[in-house]
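Worksheet: the structure to be examined is printed underneath.
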């Protein structure tokens, strides 16, 4: 990987995640008709953190939290083999406000697939989108996030990678 730029180091990443959680609290407290759903696989670490943080600062709140696999709703198979993850929704989304969470918003196709997958689980009252990194000038579809950690300018040959391990960070690199 050449041309690596760090977008967020661990301290800034943690501040950004906490800010996103506080924005959700501000708009949805006490979460009685709202649920949080992380998109498998890369939105799960983000949604796990946000949901856990909300529970830590507001232990009185019961946040319904699920994980959504979109493998079979994608339109970009192109002969590739995709191994599905597990959808974990132990509640109905019918007439609820759903907050979809993913790490990077690029073309919008992942979010379209997630909305298609959600329809198989009921009809939500409203769907909002929470994104850690918005690659704002790369959309194929007219999809915009409601909550954004950081917006960046990037070109098609660049990739954004979020690292959740010991060295938490978000980087932008040239893929060619």
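The values are calculated or read from the model by the stated rules, or taken from the named source; none is laboratory data. Computed from a predicted structure; not experimentally measured. Counting neighbours? That spans all protein chains shown, and the Cβs are built from the backbone with ideal geometry, glycine included.
Would you check if residue 20 is assigned to a helix (DSSP H, G or I), in contact with a strand residue (DSSP E or B) (Cβ under 7 Å, 6 or more places away or on another chain), in contact (Cβ under 8 Å) with a residue 24 or more places away in the chain and within 17 Å of residue 160 (Cα to Cα)?
So residue 20 fails the test.
Return a yes/no flag: does the range 66-73 have any residue that is part of a loop (DSSP other than H, G, I, E, B), touching a residue at least 40 places away in the same chain (Cβ under 8 Å) and at negative phi.
The answer is yes; a qualifying residue exists.
Considering only the range 25-40, state which residues are assigned to a loop (DSSP other than H, G, I, E, B) and touching a strand residue (DSSP E or B) at 6+ places or on another chain (Cβ under 9 Å).
Across the range 25-40, the qualifying residues are 31, 33, 40.
I'd like the full set of residues that are more than 18 Å from the chain's Cα centre (by Cα) and either assigned to a strand (DSSP E or B) or without any contact (Cβ under 8 Å) to a residue 60 or more places away in the chain (or both), limited to the range 1-17.
2, 3, 4, 5, 6, 11
I'm checking my understanding of the structure. Among residues of the range 25-44 that are within 19 Å of residue 163 (Cα to Cα) and at pLDDT 95 or above, which one is surrounded by the fewest Cβ atoms within 10 Å (Cβ to Cβ)?
This residue is 44.
Which one of these does residue 167 not meet: (1) farther than 24 Å from residue 36 by Cβ; (2) in a loop (DSSP other than H, G, I, E, B); (3) without any contact (Cβ under 8 Å) to a residue 60 or more places away in the chain?
It fails just one condition, (3).
Would you mention how many residues in the range 119-131 are within 13 Å of the chain's Cα centre (by Cα) and surrounded by fewer than 20 Cβ atoms within 10 Å (Cβ to Cβ)?
Adding up the residues that qualify gives 2.
Residues in the range 46-57: is at least one assigned to a loop (DSSP other than H, G, I, E, B) and out of contact with any strand residue (DSSP E or B) (no Cβ under 8 Å at 6 or more places or on another chain)?
Scanning the range 46-57 turns up no residue that is assigned to a loop (DSSP other than H, G, I, E, B) and out of contact with any strand residue (DSSP E or B) (no Cβ under 8 Å at 6 or more places or on another chain).
If a residue must be under 21 Å from residue 89 (Cα atoms) and within 15 Å of the chain's Cα centre (by Cα), how many such residues does the range 22-37 contain?
Going through the range 22-37 one residue at a time, the tally reaches 4.
Which of the residues belonging to the range 160-172 are out of contact with any helix residue (DSSP H, G or I) (no Cβ under 9 Å at 6 or more places or on another chain) and buried (at least 16 other Cβ atoms within 10 Å of the Cβ)?
Scanning the range 160-172 gives 160, 161, 171, 172.
Conditions (1) buried (at least 18 other Cβ atoms within 10 Å of the Cβ); (2) over 23 Å from residue 7 (Cβ atoms); (3) at pLDDT below 95, marked per residue:
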| position | (1), (2), (3) |
| --- | --- |
| 47 | yes, no, no |
| 57 | no, yes, no |
| 81 | no, yes, yes |
| 133 | yes, no, no |
| 147 | yes, no, no |
